[in-house]
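Enquirer: Take a look at this one; I'll ask things after.
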Amino acid sequence: MRLTRYFLPVLKENPAEAQIVSHRYMLRAGMIKQQAAGIYSWLPLGYKVLKRIEQIVHEEQVRAGHIPLLMPTLQPADLWRESGRYDDYGQEMLRIKDRQGRDMLYGPTNEEMITDIFRAHVGSYKDLPLTLYHIQWKFRDEMRPRFGVMRGREFLMKDGYNFDLTKEDALHAYNRHLVSYLRTYERMGLQAIPMRADSGPIGGDDTHEFLVLAETGESEVFYDSAVTDIRLGARDIDYDDKAQCQAVMEEFTSLYARTDETHDEAAFNAIPEARRKSARGIEVGQIFFFGTKYSEAMGATVVTPDGSKVPVQMGSHGIGVSRLLGAIIEASHDDKGIIWPEGVTPFHCGIVNLKQGDADTDAACEAIYKALQLAGLDPLYDDRDDRAGAKFATMDLIGLPWRITVGPRGLKNGVVELTSRRSGVSEEMTAEDAVARIGQIYAGL
Ligand code: P5A
């Protein structure tokens, strides 16, 4: 993309309404625009990152054997009357009447609807196990929408639902989700720690939240610092292998790590003092096992091998897709702007032309731009007729992890400059080498 043809409405001033750095940078970098409290338009740059995040979520869900589908945002109230949650959900639910006077709602989550789909089409243990998921907009009329996309009223969630014959199988689904989530967050350059939590209005006893440690996080958390040393990394996971998934779950959840709702002072004090940490965190996901809570209320049964009928065992699992943009920026920025991890960056590399209009410099930039595209990469070429300082400031703000700077002085010596946004280190090399290096960096992602 050439910057002169793109839509990147960068703000020079710090927006007064933004209290935390991710919100500030998302507004300044022209990624989002607020339309009402907690409701945002996703401008091209923000939309690009959102799509990158969505793609990673999809890939890791499919890898775990989960099946995508799409349910609507609007739901009939009657489904929620069946589960008993229509009245329980209270003011957070946006209630709507259609022209026939029928009660509708903008879905805050989809347990009821997926249970309805299941009961309409599945009746036998032979069709299990089954996990269906979608990535869809939700609406929760939050009391205090704030911090930009972090606590929105309209927000994008990946929500998945497992259906199993036995509790043991449903717990395997729980573990499978836990492992796939770890992998998902790591691909985004994030460490998200599973912590024992409270199940709130979703229900059930077993639940973990995934927390990214950050001072601006809304959750208070308590943990053994040893938990921050564990990584999933590139290990090979067989998602059908119950023992392996269980072992990974235990590895990640045996050390003390809890949100304030389930915090246990005595257990916490049993940790060696130097490892006892209390901090704040951003909740980027949550997994639940709730057994037959919805299937019993809504008559979602399956015939077992011995011919009897039992309510299906279920759990639900959510990732805060739009919130993740905020969480990634909170975890990865400096005083000049965002620093995107390679896995989610909106463009792979920026190209800065230090002397727009100079025939040689323009030609060198064009050649690099084309070579990067030929290598399957998506560069952003700053071809504006502007000062070098202004171009660098924009690149630093929007946070592309790599920048190639091209100027007449370097070209005289046959070199351009390759700069890492994260380390700030620049290296001179030929344009061909710079393109090859960028190619190598992204090859494994
Ligand atoms: C699990 C999937 C559920 O709703 N039902 C379907 C279960 N869980 S949850 O924890 O309530 O939400 C899942 C994730 O969605 C994100 N989230 C939000 N993101 C932005 N703004 C909000 N107001 C908001 N509320 C929830 C969180 O990341 C949460 O973990």
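Enquirer: Compute the signed sum of charges (Lys and Arg +1, Asp and Glu -1) over the other residues within less than 10 Å, Cβ to Cβ, of residue 300. It would help to have the intermediate numbers written out before the result.
Expert: Details: positive: 119; negative: 116, 296.
Once positives and negatives cancel, what remains is -1.
Enquirer: Give or take rounding to whole Å, what are the principal axis extents of the alpha carbon atoms in the chain, in descending order?
Expert: Computed over the Cα atoms, the extents are 81, 59, 42 Å.
Enquirer: Turning to a different aspect of this structure: Specify whether the C-alpha gyration tensor of the range 1-92 places it in the rounded, prolate or oblate class, a ≥ b ≥ c being the square roots of the eigenvalues: rounded for a/c under 1.5, otherwise prolate if a/b is larger than b/c and oblate if not.
Expert: Numbers: a/c = 2.80, a/b = 1.51, b/c = 1.86.
It comes out oblate by the Cα gyration axes.
Enquirer: Can you tell me which lysines have their Cα less than 17 Å from the Cα of residue 242? Leave out same-chain residues fewer than eight positions away.
Expert: 167
Enquirer: Given Cα pairs under 8 Å that are at least 6 residues apart, what percent is the relative contact order of the range 44-198? If you can, show how the numbers build up before the last one.
Expert: Numbers: 182 pairs, mean separation 37.3, N = 155.
The value is 24 percent.
Enquirer: Please tell me the relative contact order of the chain in percent, rounded to the nearest whole number, where contacts are Cα pairs under 8 Å and at least six residues apart. Spell out each step's value before the answer.
Expert: Details: 888 pairs, mean separation 72.7, N = 445.
So the answer I get is 16 percent.
Enquirer: In a shell of Cβ-Cβ distance under 10 Å around residue 110, excluding residue 110 itself, what net charge do Lys and Arg (+1) and Asp and Glu (-1) give?
Expert: Details: positive: 138; negative: 111, 112, 116, 159.
My count for the surroundings of residue 110 gives -3.
Enquirer: Here's another thing I want to ask about it. List the lysines whose Cα lies under 23 Å from the Cα of residue 51, skipping any in the same chain that are fewer than 8 positions away.
Expert: Of all the lysines, those that pass the test against residue 51 - Cα under 23 Å, at least 8 places apart if same chain - are 33, 138, 158.
Enquirer: Can you give the Rg to Rh ratio for the range 148-271, taking only C-alpha atoms and Rh from Kirkwood?
Expert: On the way: Rg = 15.1 Å, Rh = 15.9 Å.
On the Cα set of the range 148-271, Rg over Rh gives 0.95.
Enquirer: Same structure again: Between 93, 150, 188, which gets the highest mean-square fluctuation from a Gaussian network model of the chain, Cα cutoff 10 Å?
Expert: 93
Enquirer: Hydropathy at least -1.0 by Kyte-Doolittle, axial extent at least 27 angstrom from the Cα trace: which helices of the chain, defined as entire DSSP H runs, fit? Walk me through the numbers on the way to the answer.
Expert: On the way: long enough: 44-63 (28 Å, -0.58); 167-187 (30 Å, -1.14).
Going by DSSP H runs, the hits are 44-63.
Enquirer: Another question about this same structure. Net charge near residue 174, counting Lys/Arg +1 and Asp/Glu -1 over other residues with Cβ under 14 Å of its Cβ?
Expert: Result for the local shell: -3.
Enquirer: Note down the relative contact order for the range 1-113 as a percent, whole number, built from C-alpha pairs under 8 angstrom at least six residues apart. It would help to have the intermediate numbers written out before the result.
Expert: Values: 99 pairs, mean separation 17.6, N = 113.
Reported as a whole number, the value is 16 percent.
Enquirer: In vacuo Debye scattering of the range 102-202, one point per C-alpha: log10 I(q)/I(0) at q = 0.10, 0.11, 0.21, 0.24 Å⁻¹?
Expert: Here the Debye-derived log intensity ratios amount to -0.38, -0.46, -1.36, -1.44.
Enquirer: Please report, for the Cα atoms of the range 370-445, the Rg to one decimal and the Dmax as a whole number; what are they, in angstrom?
Expert: Answer for the range 370-445, Rg first and Dmax second: 12.4, 35 Å.
Read-outs throughout are calculated quantities, based only on the coordinates presented, and are distinct from any laboratory measurement. Everything numeric here is computed off the predicted structure, so don't read it as measured data. For neighbour counting, all protein chains shown are included, and Cβ atoms are generated from backbone atoms with ideal geometry for every residue, glycine included.
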